Amino acid sequence: MAGKFEWRKFSEVNLEDAFFDALKADYEEFPVWFKKKSDAGEYALVFNDEQGVGAFVYLKRENEDIQLMDKTLPPIPRVKIGTLRLAERFRGMRLGEGALGVTLWKWRDDKAEDIYVTVFEKHSELISLFERFGFKCVGMNSRGECIYLKSRSKIDYSDPYKAFPFIRANFSKAGLLPIFERFHDRLFPYSELKIRKREIEEETAGNGVTKVYIGSPYTAMHYEVGEPVGIYRIFEGDSGKTYRSAVTSYCTITKMDVIKNNGRAAMSLADFVKNAGNKTVFTAEELTSTYNGQNNVVMLELVYNGFLGKGHNIIHKNLKEQGLFDVHPYNLDYTKEQFIKLLEMGDVDVQNVIID
């Protein structure tokens, strides 16, 4: 897929692009609104490719009441998704998930109580995306739009996607997933190389927040669905591993499949390649090689809760000194307290990530 997401000023975006025709049809005031934002120097997250604009996301911080047909929601700090739209050619792909994932990261970091969006019922695919990430319809406005809202005080922890970007507070164990740098840097935006936080957001928006991890453990894996894990990037150079291998990100396991166990296939090669889909960085050839060449193969689906960022990744030396790397990563079984310590070492605001 050619093209990329970038944070762009409204004034740098072509309002005459056919992408905006649907928005102009739904909201006759859209061109006036767009010019106002352009004159104010505001930014949006925009995907462009050879065909033009492919996605557009605009966020607004507000502290106003929300007028519904049957009630009024009182004014409290909220983030409003002023616009989130995908071009038809990208429907059903990961652009929408990635863009919404970055939006929820921004909401979390903003620490506003609510995030909400207004959407017409005809946009069923978009509504399904919001519902998957825990938004609930709280009513309808006078324009006939549904108000979908998510509140940090009412997070649904029954599903890691509904809880995203937060981690449920009642987990009892956590782990570490090792991944060689050549695969890590394709699966996760490698934060150590990113000077700007926006660079990571731009890459994540284009790649989605669902990640598929393929592992070849030499022993049975102890991971569980719903368990948080740190992502450990293994440096593959000849020297300096203790300073260059590091935890860079943290995720929640959403699904786990044993593909092969002690040489016995639990899933066919065709199903393995199909189920890995476009959420893994492995090519079909690499998946086939792993399947045929390893006695043990597992596939974990993860939701990407967050990254540590440049200067905050936790190197192997520091993990070792803190007693968080005393066995092979596959065998590490952290307590809740140890995982919190790990996040704190990465300068994560734990109370803003693990909330009741």
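The values are calculated or read from the model by the stated rules, or taken from the named source; none is laboratory data. Computed from a prediction, not measured in an experiment: that's the story for all the values here. Quick reminder, even Gly has a Cβ in these numbers, built from the backbone with ideal geometry, and neighbours come from all protein chains shown. These area figures cover heavy atoms from the full protein model, side chains too; ligands, DNA and RNA do not enter into them. Shrake-Rupley method; radii C 1.70, N 1.55, O 1.52, S 1.80 Å.
Element breakdown for the chain at a 1.4 angstrom probe: carbon and sulfur atoms account for 47% of the accessible area. For the options Asp114, Asp159, Asp26, a Gaussian network treatment of the chain with springs between C-alpha atoms closer than 10 Å singles out Asp26 as fluctuating the most. Karplus-based coupling profile of the range 33-40, in residue order and whole Hz: 4, 4, 5, 4, 5, 5, 5, 7, with θ = phi - 60° in 6.51 cos²θ - 1.76 cosθ + 1.60 and x standing for Gly or Pro. The fraction of all Cα pairs in the range 1-95 landing in successive 10 Å bins from 0 to the largest distance is 14, 43, 30, 12, 1, given as whole percents. Cα centroid separation, the range 86-150 to the range 280-356: 29 Å.
Determine the per residue accessible area of the chain with all protein chains present and a 1.4 angstrom probe, expressed in square angstrom. Can you show the working numbers first?
Numbers: 16350 Å² over 356 residues.
Per-residue accessible area for the chain comes out at 46 Å².
Angle, helix 336-345 long axis vs. longest principal axis of the chain, Cα atoms, 0 to 90°, nearest 10? Value to nearest ten degrees: 70. Based on C-alpha pairs under 8 angstrom that are at least 6 apart in sequence, the range 44-125 has a relative contact order of 27 percent.
What percent do you get for the relative contact order of the range 255-356 when only Cα pairs under 8 Å and 6+ apart count? Let's see the in-between values first.
Numbers: 71 pairs, mean separation 25.6, N = 102.
Here the relative contact order equals 25 percent.
Where only DSSP H runs of four or more residues are counted, the chain gives -8000 deg cm²/dmol as its mean residue ellipticity at 222 nm, each run worth -39500 (n - 2.57).
Among residues other than Phe135 whose Cβ falls under 12 Å from its Cβ, what is the net charge (Lys/Arg +1, Asp/Glu -1)?
That works out to +2.
Specify the residue with the greatest mean-square fluctuation among Leu269, Leu100, Leu176, computed from a Gaussian network of the chain linking alpha-carbon atoms under 10 Å apart. Top of the fluctuation ranking is Leu269. Distant-in-sequence amide contacts of Ile76, defined by a placed amide H-H separation under 5 Å and a gap of 5 or more residues or a different chain, comprise Glu64. Taking the range 197-356 as the region of interest, the number of lysine pairs whose Cα atoms are within less than 14 Å, with members eight or more places apart or on different chains, is 7. Relative to the dominant Cα principal axis of the chain, helix 94-110 is inclined by about 80°. Count Lys and Arg as plus one, Asp and Glu as minus one, and take only other residues whose Cβ is under 10 Å from that of Val297; the net charge is then 0. Normalising the Debye intensity of the range 74-185 to I(0), with uniform scatterers on Cα atoms only, and taking log10 at q = 0.14, 0.18 Å⁻¹ returns -0.66, -0.99. Within the shell of other residues whose beta carbon sits under 12 angstrom from the beta carbon of Arg182, the net charge comes to -2, with Lys and Arg scored +1 and Asp and Glu -1. Residues whose amide H comes within less than 5 Å of that of Val209, counting only those at least five positions distant or on another chain, are Gly98 (H built at 1.01 Å from N in the peptide plane). Mean-square fluctuations from a GNM of the chain, with a 10 angstrom spring cutoff on Cα atoms, peak among Asn305, Asn207, Asn63 at Asn63. Between Ile354 and Ile167, the built amide H atoms are under 5 Å apart, and every one of these is 5 or more places off in sequence or on another chain. Per-residue Karplus couplings for the range 303-314, computed as 6.51 cos²θ - 1.76 cosθ + 1.60 with θ equal to phi - 60°, are listed in order as 10, 7, 6, x, 10, 7, x, 4, x, 10, 4, 9 Hz, Gly and Pro entered as x.
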